[in-house]
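Beneath this line is the structure, given in structure tokens, with notes to follow.
Each value in this text was obtained by applying a stated rule to the coordinates, not by laboratory testing. The model shown is predicted, which means the values in this text are computed figures rather than measured ones. Glycine also receives a Cβ, built like all others from the backbone with ideal geometry; neighbour counts cover every protein chain displayed.
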């Protein structure tokens, strides 16, 4: 069941909210937390019925490792708890979901059996469960939490329905207090409904409208497309990606507010960035923060320091050793990032060009004229995104190479097919491109000013009417054409 489905919006969510708020607010929200975990479990059963027992088993293991890390923090046994958490999650990812058919084949050969080879599809949301699981144990080991928490708190943190499928990712230390002491008010509830509506409109009215365009264009024969087609495909895909993913994030943040939780922002107009590092501080923000806290700094303060000292002992200059250290840290982080997105050559190359780009950009010459320098850096960033797009949108590496050939060496024209698609989707694509930039907030600030109460009231009333109309349009689209799976869930 998708969070943009009619059954979720009209049945599951209202029932969940009703059950939650009629439950007494006693014992530090214990009963309401039980209800919230119950509806989360039902939601996951409806989404992934086969793997619900795997989820419960992994929740129990995470709680056990957290208890072990809390009781033995600062010791080797505490570190072992972290290692076991990572190994258990990797075992599920690599062995169960990627190598099951190989294991069965080996068993058949060794014991002369004829068990049928089985390959499981990776369960939706499990990668985000892994982030939560590791964060839970590491935060406890570091002493950043009050305790290891009850098994209910572990279960609620790792599997609450509004963040398990696609995030946003929130560390356990920031979630811990909210489970026993969170604000629940009519103002926060209304803000949650508003944010949920914004995300719904982003997904249904824009992303889903663009999906047929993107799908048709990515089905073309890339060996025959001209340069104009390739660039148009890149731009359209980047716009679609932003609205699809940020739409989900807005809905998750809104759902969190409805139940009193503060979920961190995940997008901040990433296409206005002027560098790769800034882009990743604006696009999928919580993923960047997670990798920084739980991967970048541990590598920077651990293995990379030992590497630098080893090189210095071998008479390597301090400057060169620090450069190698920096390369080692970034390469390690981007390797893991690429593997998380997909275990194939496309993502490996995508991670490599991001790593190289971040290493090079601090050394790029700047211009004295600030506006010119800003414009050049922004244009360079957009060019980088266009260049990296084929690697994340095209499954075959050979097809991606054909696409690159068209992108840089294709004929200087657009095909009739793309011209036809551009004409039919021109209006919605133009609106979407404008929506990638902070135009609406700028208009709002300009219209309202600093202290104009009357204009603020006009803005609030008119924007509420427009939003209600857009939500009704979204529901109409959902009823008439169904829902399209979020890109990160496909």
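Could you give the length gained by full extension between residue 417 and residue 87, i.e. 0.36 nm per residue of separation minus their alpha carbon distance, to one decimal place? Don't skip to the end; give the middle numbers.
Details: separation 330, 0.36 × 330 = 118.80 nm, distance 4.92 nm.
Computed gain between residue 417 and residue 87 is 113.9 nm.
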- prompt: Does the range 427-490 classify as rounded, prolate or oblate by the C-alpha gyration tensor (a ≥ b ≥ c root eigenvalues; a/c under 1.5 gives rounded; else a/b over b/c gives prolate, otherwise oblate)?
  reply: prolate
For the range 199-255 versus the range 402-420, the gap between their alpha-carbon centres in whole angstrom: 18
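Two decimals, Cα atoms only, Kirkwood Rh: what is Rg/Rh over the range 262-304? Present the calculation step by step, with values, prior to reporting the outcome.
Numbers: Rg = 12.1 Å, Rh = 11.2 Å.
That ratio equals 1.08.
Exposure proxy check: 8, 131, 162 ranked by fewest other beta carbons within 10 Å?
On the way: 8 19, 131 22, 162 27.
Ranked by crowding around the Cβ, least crowded first: 8, 131, 162.
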- prompt: At 222 nm, what helix-only mean residue ellipticity would the chain give, in deg cm²/dmol to the nearest 500, using -39500 (n - 2.57) for each DSSP H run of four or more?
  reply: -22000 deg cm²/dmol
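What FRET efficiency comes out for the pair residue 439/residue 262, r = Cβ-Cβ distance, R0 = 25 Å, nearest 0.05? Write out the running numbers ahead of the final one.
Working: r = 27 Å, r/R0 = 1.07.
After rounding to 0.05, the efficiency reads 0.40.
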message: Can you compute the modelled spin-label distance between residue 191 and residue 469, with each label point 7 Å from Cα toward Cβ, in nm?
response: 2.7
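Quick one: plug the Kirkwood hydrodynamic radius of the range 257-352 (C-alpha pairs) into Stokes-Einstein at 20 °C, 1.002 mPa s, and report D in µm²/s.
Values: Rh = 15.4 Å.
In µm²/s, the coefficient is 139.
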query: Shape call for the range 318-425 from the C-alpha gyration tensor, a ≥ b ≥ c root eigenvalues: rounded (a/c under 1.5), prolate (a/b greater than b/c) or oblate?
result: oblate
task: Please report how far the C-alpha centroid of the range 25-55 lies from that of the range 319-364, rounded to the nearest whole angstrom.
output: 38
- request: Work out, step by step, the length gained on full extension between residue 22 and residue 144: first 0.36 nm times the residue separation, then minus their alpha carbon distance; give nm to one decimal.
  value: 40.6 nm
statement: Quick calc, residue 319 & residue 481: beta-carbon distance into FRET formula, R0 60 Å, rounding 0.05, result 0.50
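So, R0 is 25 Å and r is the distance between the beta-carbons of residue 387 and residue 343; what FRET efficiency does that work out to, to 0.05? Could the numbers behind the result be given before it?
Numbers: r = 22 Å, r/R0 = 0.89.
Efficiency at R0 = 25 Å is approximately 0.65.
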message: Pairs of alpha-carbon atoms within less than 8 angstrom and 6+ residues apart define the contacts here; what relative contact order does the range 262-348 have, in percent?
response: 19
- prompt: What is the distance, in nm, between label points placed 7 Å from the Cα along the Cα-to-Cβ direction at residue 408 and at residue 447?
  reply: 4.5
- prompt: Zone of residue 364 (label point 7 Å along Cα→Cβ, backbone N under 20 Å): which residues in the range 269-300?
  reply: 269-284
Whole-number percent relative contact order across the chain, with pairs defined as alpha carbons under 8 Å at least 6 apart: 18
- request: Whole Å is fine, so just give me how far the alpha carbon centre of the range 376-398 lies from that of the range 456-490.
  value: 30
